[in-house]
Amino acid sequence: MKKNDKKTILSASTSSGDLTIGNYIGAINNWTALQDQYNCYYMVADLHALTTPQEPKALRERGLSFYAQYLACGLDPEKNTLFMQSHVPEHAELAWILNCFCPMGALNRMTQFKEKTAKSEKNLNAGLFTYPVLMAADILLYQADVVPVGEDQKQHLELARDLVDIFHHRFGETFSTPDPYIGKMGARIMSLQDPTSKMSKSDENPKSFLSIIDPPKTLEKKIKSAVTDLGTEVSFDQSEKPGISNLMTIYSVLSGKTYQQIETDFEGKMYGHLKIELAALVIETLKPVQDKYHDLMKNKDYLDGLLRDHSEKARATAKQTLIKVYDKVGLYPRPL
Ligand code: ATP
Ligand code: LTN
């Protein structure tokens with residue numbers, strides 16, 4: 001079934017909020033590093049975004065903006081299939097089938113569901129509950145072997161693997177079993193305002209995250225106002241000094257320096273010094289990305305053309321899996 005003997009990767013980011021430096025470090029940066037060794041599918045998960053309230057105009061614009069940010073971060077359209085989830089209807093179709101085989105108890109255990117429902121009791125909807133099933137469909141449609149995600153998504157991936165087992169037990173071999181791929185460094189970047197919780201792009205407080213496309217002045221301001229800990233010494237200690245450790249993690253990933261090197265560099269200096277240098281580093285790292293992003297956004301026809309071609313490519317693969325699944329579960333074949 002696979003085009004070549006490379007293994008297949010699929011990953012995605014939900015198009016809610018603004019892509020953050022957490023997404024960049026924990027996800028997109030790893031994706032670009034993998035694009036040569038694997039057959040890669042990277043997707044904007046716009047159907048997943050509908051599980052939380054969205055303003056239609058903003059959601060539509062964000063879809064294209066996320067796509068341009070993927071390209072600006074270095075995802076090469078010659079090497080990867082880059083598409084929008086809602087442009088490949090097979091995602092919703094396979095999700096329905098998998099929903100019918102997914103135990104309610106498994107979904108009840110999902111930490112992200114519990115966290116999100118605890119935050120907004122009034123916005124509960126069935127989509128939020130079955131979100132991991134749609135995510136499993138995303139992965140299984142492309143027979144993905146490897147799924148690069150941040151730590152927070154590991155449990156969802158476990159569910160995808162369980163669904164493979166359930167389906168295979170009932171109907172025989174159909175899907176590849178996906179393995180998670182967690183990047184070595186900075187698997188979890190924390191909020192700048194509450195360094196004990198994950199930096200989240202849909203956080204209501206924009207000061208808690210650094211957006212990939214925040215202007216330099218905003219990046220600087222947000223870093224300067226990041227919550228730090230008691231004491232003044234720049235040293236890495238996640239339990240006693242979660243704030244400064246988080247800033248050190250970002251610094252370390254972007255500079256390639258170890259925590260020890262950073263501690264030595266900042267010996268005798270204060271938290272403020274690290275913040276100033278970190279701001280300069282973040283701005284410098286994101287400058288080429290932001291320049292490319294703004295250029296791409298001026299060329300909507302180019303982006304629309306890519307979206308069309310790449311969703312066609314994605315569909316060609318997705319269709320093969322869906323036909324197999326419809327057949328296995330016993331649906332009457334569509335007349336040709
Ligand atoms: P939200 O919090 O709005 O639900 P998110 O910021 O977690 O979203 P996702 O679209 O859910 O973003 O995640 C896209 C990818 O980025 C996933 O692989 C996820 O693990 C990774 N990721 C998200 N936030 C972080 C973070 N703070 N640190 C490291 N990786 C992250
Ligand atoms: N739920 C994921 C985004 C996502 C995803 C996927 C990640 C949607 N579908 C398939 C990997 C594979 C998240 O990070 N919140």
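Quick one: count up the residues across segment 177-225 that are among the small types (Gly, Ala, Ser) and under 17 Å from residue 280 (Cα atoms). Give the steps one after another, and end with the answer.
Quick first cut of segment 177-225, residues among the small types (Gly, Ala, Ser) only: 183, 186-187, 191, 197, 200, 202, 208, 211, 225.
Checking which are under 17 Å from residue 280 (Cα atoms) leaves us with 211, 225.
Result for segment 177-225: 2.
I'd like the residue in segment 102-123 that is in a loop (DSSP other than H, G, I, E, B) and under 18 Å from residue 47 (Cβ atoms) and, out of all such residues, is farthest from ligand 1 (Cβ to nearest atom).
So in segment 102-123, the residues in a loop (DSSP other than H, G, I, E, B) come out as 102-103, 109-110, 120.
Next, from what is left, pick out any that are under 18 Å from residue 47 (Cβ atoms): 102, 110.
Values: 102: 20, 110: 13 Å.
The selected residue is 102.
From the list 10, 50, 34, pick out the single residue that is over 11 Å from the mean Cα position of the chain (by Cα), of a type in the set (A, V, I, L, M), within 14 Å of ligand 1 (Cβ to nearest atom) and modelled with pLDDT of 95 or more. Let's see the steps before the verdict.
Details: 10 fails: over 11 Å from the mean Cα position of the chain (by Cα); 34 fails: modelled with pLDDT of 95 or more.
Exactly one residue qualifies, and that residue is 50.
Here is a yes/no grid of residues against (1) closer than 22 Å to residue 201 by Cβ; (2) free of Cβ contacts under 8 Å to residues at least 12 places away in the same chain:
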site	(1), (2)
78	no, yes
82	yes, no
85	yes, no
91	yes, no
98	no, no
127	yes, no
146	no, no
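Can you name the condition, by its number, that residue 144 falls short on among (1) assigned to a loop (DSSP other than H, G, I, E, B); (2) of a type outside the set (Phe, Trp, Tyr); (3) within 16 Å of ligand 2 (Cβ to nearest atom); (4) over 30 Å from residue 327 (Cβ atoms)?
(4)
Just give me the residues in segment 151-191 being under 14 Å from residue 98 (Cα atoms) and in a loop (DSSP other than H, G, I, E, B), in sequence order.
174, 175
The values are calculated or read from the model by the stated rules, or taken from the named source; none is laboratory data. Not measured: the values here are computed from a predicted model. Neighbour counts are summed over all protein chains in view; Cβ atoms, including those assigned to glycine, are modelled from backbone coordinates with ideal geometry.
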